[in-house]
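This report concerns only the one structure given below.
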Amino acid sequence: MENAKKRIALLLTFLMVVTFFAGCGKKVEQTQSAANTEKKESKAQPEEKEQVKLKFSCWDYETSGYDKEIIETFKKMNPDIGIEVLDIAAKEYADKLTVMLAGGEAIDVFYAKDPSSFAGMVLKNQIMPIDELVAKDNLNLEPYGSMMEKLKIDGKLYGLPYRSDYWLLFYNKDLFDQAKIAYPTNDWTWNDFKETSKKLTSGEGNNKIYGSYIQTWASAYFLMGLQKGAGNMVEGSYSMLKDGLELLCDIQLKDKSAADYATNKSMGAHYRGIFEKGNVGMLYMGTWFINALVKDKQDGKHNINWGIVQMPVWEGSNDATIGLTTPVVINSKTKHKDAAWKLAKFIGGKEGAKILAKNLLIPGYMDEEVMKIFNENPDFPKEGQDALKTNNIYLEWPAHKLSGLLGKMVDEEIQMVATGNKTVDAAIADMEKRRKEIMEQNK
Amino acid sequence: MTEKKSKSKKGKAIIQRNRITAYCFLLPNFIGFFIFTFIPVLAAFVLSFMQWDSANPAKFIGLKNFELMFKDSSFIISFWNTICYTFTTVPLTIIVALALAVALNNGVKGITVFRAIHFFPHVASIVAISVVWQFLYNADFGPINMFLKTMGINDPPRWTASVQWAMPAVIIMSVWKSAGYYMVMFLSGLKSISNQLYEAATIDGANAWEKFWSITLPMLSPTMFFVVIMCLINSFKVFDQIYIMTEGGPGRATSVLVYQIYSQAFINFKFGYASAMALILFLIIFIITFIQFRFQEKWVNYTN
């Protein structure tokens, strides 16, 4: 009797331990059996082309639609390549992708959403250099323009520009008409912006109309400095940011012609909803917003007549804006190099560009045919064509290994200025000091 | 003789058997602890002497991470913010929790309802709560400042938008959230104090304050000891509300140690450096808890 109980107890223990280890063992077995079946299959049908399954990740695949169109088209043209799509929410994309790559997830082709995470991934050897592949195919890099050079790290190319966005000034024609103020023009200065913003502001409470909206991103606060062309955010002197920051503080805290940073932050405000609500006169934002505005209007989410012009500039300087390019890249650990390159070439090449242009997004690949598709879209405001012809586009952040760390620091200091906790001069001095500290620590 | 021997053998067998059963019951929990707590802690300890970005192989760099830490202004600011947060939150939480417990214990009608109401913040999701408080604290449209303005304060604090008030804002919210939990502990402690003591004190002519000071507090000291330790540990680990309400801002005004560890590891991908910071946090908590256990005999009263 007792022995039996003892045995049961022992058996239980044994079972627990076994089931525990079984959890660990399963994966190996599965992959092994998968490998076996693969082998069997290839043995059975040696002539037939092997079906390659690629893993591809992007953000808002289902909701935005254009990536879906690109992938579906690719699948139709390449039936031998299967694609599994990992759809990640835009806000979490960078974080989630990095964690997944670190966890050994075999994503073959993906977008690097922002320059700092791109540089980080290159540094971590997670992205394959494509110079060889480009040379082998004799790929014409001309349609990519100058953005191609900016993607290079240590002279090596790590991806094809899939999208190339830059900032413009969006405005709500209805509000300008109501207030009987002339629309913004392509040769506006920041002073025009500030004064018009003040004139547009009216009302109280629910009827409040703000002249402008300033998104709580650091880039919306430092772009005025970059427009001067006096260097980038990693190496340039931060004193270039002074008058831009002062201007924005004046608009928000003195003129009160835009909701202030702290309010926007605590309300979790987002430019898309705010502008489409129809009580904001002007908004400077990236070209990606064109697609969103058109799409939301088709979906009946807003009924605003909007227009675009080039970014305002500082008195007496040439047209200039900031931008960023989104590269499509290949995982350095991919097992299907040829198929992955085929997909990357498709997305970042002419085919992908045509689909993007149809959706009013600015592709990295730009030739006359693509430009024509873009301009002939009936949803695109005709007078807006000139707005797209900005000559000088400066990168928000260069593809530099410290871009991420410096970006966080700059964001913190700009936050101090925008919430009125620090003077512009003190913040700039602190930014210089902290940049030195970060450089020192990451030599 | 032989019978005796076999009996003691039998006894041993029983003990042995019970032991195995006990271990069987402990095993599931222990396995979980082992995989999800013990191994990661060990890994973090090893990692703190390494440089690792999650992709390239880890490199042993000795004490460099620790050296770096004491020159890193973000770490130093976060360290002092954590200390400042803990040493205001803990006393405040305990005072509020104790006051609530005493009030509820003194025969308020509908005690269970009040207990539930005060316990509610502890049960509710911290994410939801933090978002709600973020709205409450809004400088221009928030209910708190609206109320302060009607009270005649023309220039109310800008709460989460101001460097001086962001930390107090987080502290107030944290106290509100956790006081109910500790109140329930104090309540059960109060219930176990024998009524005879109060009766005797009444006969001796003690007033309410004297009774509280000389009977309630000493008799409550075991509960107090437990609450202080739990509260301290939880305060040092503060993260969620800061992550949601302020993201460490404005600037670095509410950046605390765990937030710093999180951002070093998962934003900057310096896992070694983050592990080193986590080790420092562990040491701080360990030392404080150790000191408390050492000195508990001096003030904790276990006699009843």
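The values are calculated or read from the model by the stated rules, or taken from the named source; none is laboratory data. Nothing here was measured: the structure is a model prediction, and the numbers come from that model. Neighbour counts are summed over all protein chains in view; Cβ atoms, including those assigned to glycine, are modelled from backbone coordinates with ideal geometry. Note: areas computed on protein heavy atoms with side chains; ligands, DNA, RNA excluded. Shrake-Rupley method; radii C 1.70, N 1.55, O 1.52, S 1.80 Å.
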*Which one of A:225, A:231, A:203 is modelled with pLDDT under 95 and surrounded by 22 or more Cβ atoms within 10 Å (Cβ to Cβ)?*
A:225
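I'm checking my understanding of the structure. Among residues of the stretch B:123-135 that are surrounded by fewer than 17 Cβ atoms within 10 Å (Cβ to Cβ) and in a helix (DSSP H, G or I), which one is farthest from the other protein chains (Cβ to nearest Cβ)?
Applying the filter and picking the extreme gives B:123.
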_Among the residues listed as B:179, B:200, the single one being more than 14 Å from chain A (Cβ to nearest Cβ) and either among the β-branched types (Val, Ile, Thr) or open to solvent by less than 20 Å² (accessible area, probe 1.4 Å) (or both)_ = B:179
*From B:261, B:233, B:285, grab the single residue that is open to solvent by less than 40 Å² (accessible area, probe 1.4 Å) and touching a residue at least 40 places away in the same chain (Cβ under 8 Å).*
B:285
*Which residues, counting only those in the stretch A:310-332, are open to solvent by less than 10 Å² (accessible area, probe 1.4 Å) and assigned to a loop (DSSP other than H, G, I, E, B)?*
A:311, A:312
*What is the residue count in the stretch A:333-353 for residues that are over 21 Å from the mean Cα position of the chain (by Cα) and not in a helix (DSSP H, G or I)?*
4
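Are any residues in the stretch A:371-388 under 21 Å from the mean Cα position of the chain (by Cα) and over 23 Å from residue A:63 (Cβ atoms), and if so, which ones? Working first, answer last.
First pass over the stretch A:371-388, keeping only residues under 21 Å from the mean Cα position of the chain (by Cα): A:374, A:387-388.
Matches in the stretch A:371-388: A:387, A:388.
Evaluate the stretch A:60-67: report whether one residue or more is open to solvent by less than 40 Å² (accessible area, probe 1.4 Å) and touching a Leu at 6+ places or on another chain (Cβ under 7 Å). Please lay out each step first, then the result.
Pass one, the stretch A:60-67, residues open to solvent by less than 40 Å² (accessible area, probe 1.4 Å): A:61, A:64-67.
Subsequent filtering for residues that are touching a Leu at 6+ places or on another chain (Cβ under 7 Å) retains A:66.
Checked the stretch A:60-67: at least one residue is open to solvent by less than 40 Å² (accessible area, probe 1.4 Å) and touching a Leu at 6+ places or on another chain (Cβ under 7 Å).
Out of A:137, A:80, A:131, A:154, which single residue is more than 14 Å from chain B (Cβ to nearest Cβ), over 29 Å from residue A:366 (Cβ atoms) and more than 16 Å from the chain's Cα centre (by Cα)?
After ruling out the rest, the residue left standing is A:80.
In the stretch A:83-104, which residue that is open to solvent by 50 Å² or more (accessible area, probe 1.4 Å) and more than 12 Å from chain B (Cβ to nearest Cβ) is farthest from residue B:271 (Cα to Cα)?
Step one: list which residues in the stretch A:83-104 are open to solvent by 50 Å² or more (accessible area, probe 1.4 Å), which gives A:84, A:87, A:91-92, A:95-96, A:99, A:103-104.
From the residues that got through so far, the ones that are more than 12 Å from chain B (Cβ to nearest Cβ) too are A:84, A:87, A:91.
Working: A:84: 30, A:87: 27, A:91: 23 Å.
The extreme case among them is A:84.
If you take the residues in the stretch A:68-82 that are aliphatic (A, V, I, L, M) and more than 20 Å from residue A:359 (Cα to Cα), which one is least open to solvent (accessible area, probe 1.4 Å)? Quick ask: steps written out before the conclusion?
Of the residues in the stretch A:68-82, the ones aliphatic (A, V, I, L, M) are A:70-71, A:77, A:81.
Now restrict to residues that are more than 20 Å from residue A:359 (Cα to Cα): A:77, A:81.
Details: A:77: 111, A:81: 9 Å².
So, considering only residues that are aliphatic (A, V, I, L, M) and more than 20 Å from residue A:359 (Cα to Cα), the one least open to solvent (accessible area, probe 1.4 Å) is A:81.
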*asked:* Being at pLDDT 90 or above, among the acidic types (Asp, Glu) and in contact with a strand residue (DSSP E or B) (Cβ under 9 Å, 6 or more places away or on another chain) is the filter here; which residues of the stretch A:61-79 pass it?
replied: A:67
*Might you check whether a residue that is within 14 Å of chain B (Cβ to nearest Cβ), open to solvent by 30 Å² or more (accessible area, probe 1.4 Å) and part of a helix (DSSP H, G or I) occurs anywhere in the stretch A:106-123?*
yes
*Scan the stretch B:30-79 residue by residue and report those that are of a type in the set (Ser, Thr, Tyr) and within 11 Å of chain A (Cβ to nearest Cβ).*
B:54, B:73, B:74
